[in-house]
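Working notes for the structure below.
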Amino acid sequence: MKDAPSRLLAEFLGVFFLCLFGIGAIVNVDKTGLVGIALAHGLAIFVSICAFAHISGAHFNPAVTTALAATKRIAPLDALAYIVAQLLGGLSAAALAKYIYGDLAAAGTPALNSAVTGTQGILIEAIATFALMIVIMGVAVDSRGTFAAVAGLPIGLVIVGDILWSGPLTGAAMNPARWFGPALVAGDFSNAIVWIVGPILGALVAAFAYDTIMKPAKAA
């Protein structure tokens, strides 16, 4: 991988900021509310894309990296290295949050609403991640997208919207790394399949749907 240290550090930091800001907002939910939690996650991704997209492509999500590898936009070994960096970023942020907030940091671990089944949770995470990935495809991956130069804004906004509708149901991780770090630190792997299969499935469907159905035709 060319420029591996800078690319992997960028992926590490993007997920680190996402998890740290997100967990902090959740711990302080009495002050931030659901809107504040959604904005914390969306802003973390927005600023990270602005800062690091030119370095690593700003995946910040194993599901996104998996979908881009499946559509041959990143080499398999590079994708694996990205995913490891992303998981370490989430784990480091969760460990720091645990050090700062103590046991309160466990609230930052995505969890299912008591009224939501595991199957429903997978579907919800898949739909939320589909929305995220289809926006990524349209504004970041496809350079002809209207918002290519400021892709971080619509991507951050779709994360805000996703959290507002699905946060109370599944925690709206949309990202296995966002779940993995807090879950490992908290020692809580309940319903793990929801935050692994759901996001990866949603991202894959979105990437292939964009490529086969929605991608604008090249100008003659």
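Ellipticity at 222 nm from helices only: DSSP H runs of n ≥ 4 in the chain, each -39500 (n - 2.57), divided by the residue count, give -24000 deg cm²/dmol. Determine the shape class of the range 16-66: with a ≥ b ≥ c the square roots of the Cα gyration tensor eigenvalues, call it rounded for a/c under 1.5, and otherwise prolate if a/b is greater than b/c, oblate otherwise. Taking the square roots of the gyration eigenvalues as a ≥ b ≥ c, the range 16-66 is prolate. On the principal axes of its alpha carbon atoms, the range 77-170 extends 46, 32, 26 Å, with the longest extent given first.
For the range 164-220, chymotrypsin sites (Phe, Trp or Tyr not before Pro) meeting the loop criterion (DSSP other than H, G, I, E, B) and having at most 16 other Cβ atoms within 10 Å: Phe189. Exposure here means at most 10 other Cβ atoms within 10 Å; with trypsin sites (Lys or Arg not before Pro) in a DSSP loop as sites, the longest stretch of the chain lacking them is 145-217. Counting beta carbons within 10 Å around each of Ser166, Ser190, Ser92, Ser48 and listing the fewest first gives the order Ser190, Ser92, Ser166, Ser48. Extension gain for Phe189 to Asp103 (0.36 nm times residue separation, less C-alpha to C-alpha distance): 29.3 nm. If you take the alpha carbon atoms of the range 24-108 and fit the smallest convex hull around them, that volume is 104 Å³ per residue.
Look at the dipole of the chain built from charges on Cβ: of Ala44, Ser6, Met174, the Cα furthest out on the positive end belongs to Ser6. Among the listed options [x] 75, 44, 30; [y] 54, 42, 38; [z] 58, 38, 30, the one matching Cα extents along the principal axes in Å as calculated from these coordinates is [z]. Computed extension gain for Ala75 through Leu169, at 0.36 nm per residue and net of the alpha carbon distance, reaches 30.4 nm.
Computed from the coordinates by the stated procedures, all read-outs in this text should not be read as laboratory data. No experiment lies behind these values; they were computed from the predicted model shown. Ideal geometry is used to build each Cβ from the backbone, glycine not excepted, and the neighbour counts take in all protein chains shown.
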